[in-house]
1. Using the structure shown, list the pairs from Lys160/Lys196; Lys160/Lys233; Lys122/Lys168; Lys119/Lys286; Lys160/Lys286; Lys125/Lys200 with a Cα-Cα distance above 28 Å, or answer none.
2. Please rank Glu210, Glu146, fewest neighbouring Cβ atoms within 10 Å first, as an exposure proxy.
3. Net charge near Asp238: determine it from the other residues with C-beta under 11 Å of the C-beta of Asp238, scoring Lys and Arg +1 and Asp and Glu -1.
4. If you wrap segment 151-213's Cα atoms in a convex hull and average its projection over all directions, what's the area in nm²?
5. Restrict the search to segment 195-274; then list the chymotrypsin sites (Phe, Trp or Tyr not before Pro) that DSSP places in a loop and that have at most 14 other Cβ atoms within 10 Å of their Cβ.
Amino acid sequence: MKRSYFYIAYDGPALEANEMDVRELAPALIALSDLLEETNNVLNQGKRKISLHVKGSFKTGCFGIEFSIVHQLVADLLNIFKDSDVQSAAVILGLLGITATGAATSVAKGLIHFIKWVKGRKITKIEPAGRDHMKVFIDSEAEVYERRVIDLFRNYLIRKAFDCIISKPLAKDGIESFACAESPVCEASAFVTVTKDEAKYFAAPDFPDEVVSDTTVETVVRAVGIVFKDDNKWRFNDGSSNFFAEVKDQKFLERVNNNSEFFAKDDVLRVQIRRRQLLTADSTIKTENTIERVIEHRSSQRQLPMPFTSSSGESDPPIPESQ
């Protein structure tokens, strides 16, 4: 089991009394734990377990907290891994740009520095620059970073955690900066600082949903909730669960709106339905349902069959006897 330490601080007029609103601090602390856990997952792929602890140290004139990271092998059998295969907590902190200790490069070249350099601009090209480094271009401007820093930058959960740790707290009035270092007694030059003006670069980027399934089937559904408004979704039941779906059959909607087709709750429809499953940025799955065409509409009013004879001489099937 190994321990590594680091310190973060928020500064500004609102924090002169060394106090910070717990409603602002709590999400940031949870996000900090998420940041380290996800970074550990990316770099160590489950070979090590990481946990974050508050050490309890404050620096006068701001609100700061010192943390310790416990980093241990998941099981003794995993001792078969070489040290080079498993990234230590110190290396994780260095690659994130929180501290310099243990990083393959200086703290100035960690992820925090990279985000500050990108400034929300579009990266135009990335090319190899040696075995473990990449040269990143933004138009004619370029800098070299470790490949692992680029991997962390691409991870949405890590970017989302930085949003909660830096961007959102610094959006509050009276909080002007975020800083981090190996300890609260480091030289000023050892601190990495993000100012209020730079905080917007740490906001989580838009991440498009990925379509993982797109199918169209014919099925029977029961209307549970009907909305006679444009662009509103109706509620249906397919025999196993309720779901919302947008009705796009314009001919059917016109008949309903013109009262040429009466529609009531619990009516049954045979429909052509399109179901799209999407994987969101936080790895959850959501389903979108669309009624493309209404094939048949059956009223909820059920009638017993009677032996009426039609002009063709055919009759309805007999009513079954009661048991």
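1. Working: Lys160/Lys196 18 Å; Lys160/Lys233 31 Å; Lys122/Lys168 22 Å; Lys119/Lys286 32 Å; Lys160/Lys286 19 Å; Lys125/Lys200 23 Å.
With Cα atoms farther than 28 Å apart: Lys160/Lys233; Lys119/Lys286.
2. Details: Glu210 10, Glu146 22.
Lowest count first: Glu210, Glu146.
3. Numbers: positive: Arg222, Arg275; negative: none.
For residues surrounding Asp238, the net value is +2.
4. Working: hull surface 23.9 nm².
If I average the Cα hull's projected area over directions, I get 6.0 nm².
5. Working: sites: Tyr201, Phe202, Phe228, Trp234, Phe236, Phe243, Phe244, Phe252, Phe262, Phe263; in loops: Phe228, Phe262, Phe263.
Answer in residue order: Phe228, Phe262.
No lab work stands behind these numbers, since they all come straight from the coordinates. Small disclaimer: the values here were computed from a predicted structure and weren't measured. So basically every Cβ, Gly included, is an ideal-geometry build from the backbone, and we count neighbours across all protein chains shown.
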